[in-house]
Amino acid sequence: MTVTMIKKTLLISLLTTGMFTAANSQAATQLPVINAFTAEVTEAVLSVKSKGWHDAAFGDMGWTHSSDWGSFSANKGETVRIKVASTQLGLHPGITVWHRGIDDTAPDSYVVDHFYPQNANFVKIGVTDETTGEKLGNIVMRHIIHAYDGDNTVKVGRMKPVKDGRAGELEISFKAPKKGLGQYMFVVGGINPDEGVDTSLKYDMNVSVSVTKP
């Protein structure tokens with residue numbers, strides 16, 4: 001093979017790789033289940049891994065499929081309370097809430113990727129199904145609040161530890177900020193498990209969501 005042919009082969013390879021990357025850079029992942037919380041259904045059991053919400057080995061991000069997901073709706077000014085209690089000793093929960101508004105046109109069963117930022121917006125424009133390539137629209141999840149159980153040995157300040165003396169439990173509350181009836185999604189996972197907790201397994205967390213008028 002001549003030098004010119006080698007150069008052409010390399011160029012085609014690079015172009016093909018670039019096209020493949022561009023085509024797949026907007027792929028979105030589908031969640032198997034989203035637990036819908038309503039006025040009638042205020043409690044559920046979510047199943048998560050002990051490092052699902054925050055894993056130092058993965059850039060301190062959360063793992064989409066090692067966490068579990070919920071949804072609810074709330075009008076502006078209503079107070080939302082989310083309570084999480086682990087059934088596994090030594091597992092510490094974290095929570096992030098996002099709002100999905102009118103600019104979020106993809107089905108709510110899809111999220112941006114296999115990992116997520118706990119303390120930021122989660123946005124990708126013009127997404128496709130990572131398996132089928134079907135065009136889905138835009139995923140625009142705007143960050144509302146996040147926190148984690150601070151009753152453990154490691155503190156990650158920017159992630160907002162909540163220390164209440166009840167290890168394995170976490171409660172957050174906020175007033176719904178978006179005008180009209182807003183649709184919200186939240187994720188629950190573990191952070192910094194105690195020594196001895198099997199990080200490969202999923203554990204149950206009892207979750208309750210309440211929405212009350214002002």
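If the Cβ limit is 7 Å and pairs must be 6+ apart or interchain, which residue in the stretch 34-47 that is open to solvent by 40 Å² or more (accessible area, probe 1.4 Å) pairs with which residue that is among the acidic types (Asp, Glu)?
34/108; 45/204
If a residue has to be in a helix (DSSP H, G or I) and open to solvent by 10 Å² or more (accessible area, probe 1.4 Å) to count, how many in the stretch 55-110 make the cut?
5
Could you please tell me which pairs satisfy a Cβ distance under 7 Å, a separation of 6+ or placement on different chains, a first residue in the stretch 167-188 that is in contact (Cβ under 8 Å) with a residue 12 or more places away in the chain and among the acidic types (Asp, Glu), and a second residue that is loosely packed, with under 15 Cβ neighbours inside 10 Å and in a strand (DSSP E or B)?
171/81
Wholly within the stretch 126-214, which strands (runs of 3 or more DSSP E) include no fewer than the required count, namely at least 3 residues that are closer than 15 Å to residue 54 by Cβ and open to solvent by less than 70 Å² (accessible area, probe 1.4 Å)?
Output list reads 135-149, 181-190.
Taking the condition over 23 Å from residue 100 (Cα atoms) and not hydrophobic (A, V, I, L, M, F, W, C), does residue 203 pass? Full working, then the answer.
Numbers: over 23 Å from residue 100 (Cα atoms): yes; not hydrophobic (A, V, I, L, M, F, W, C): yes.
The answer is yes for residue 203.
The values are calculated or read from the model by the stated rules, or taken from the named source; none is laboratory data. Bear in mind that the values here come from a model prediction, so they are computed numbers and not experimental data. FYI the Cβ positions are ideal-geometry reconstructions off the backbone, even for glycines, and counts take in every protein chain you see. We work out accessible area using only protein heavy atoms, side chains counted, and drop any ligands, DNA or RNA first. Shrake-Rupley method; radii C 1.70, N 1.55, O 1.52, S 1.80 Å.
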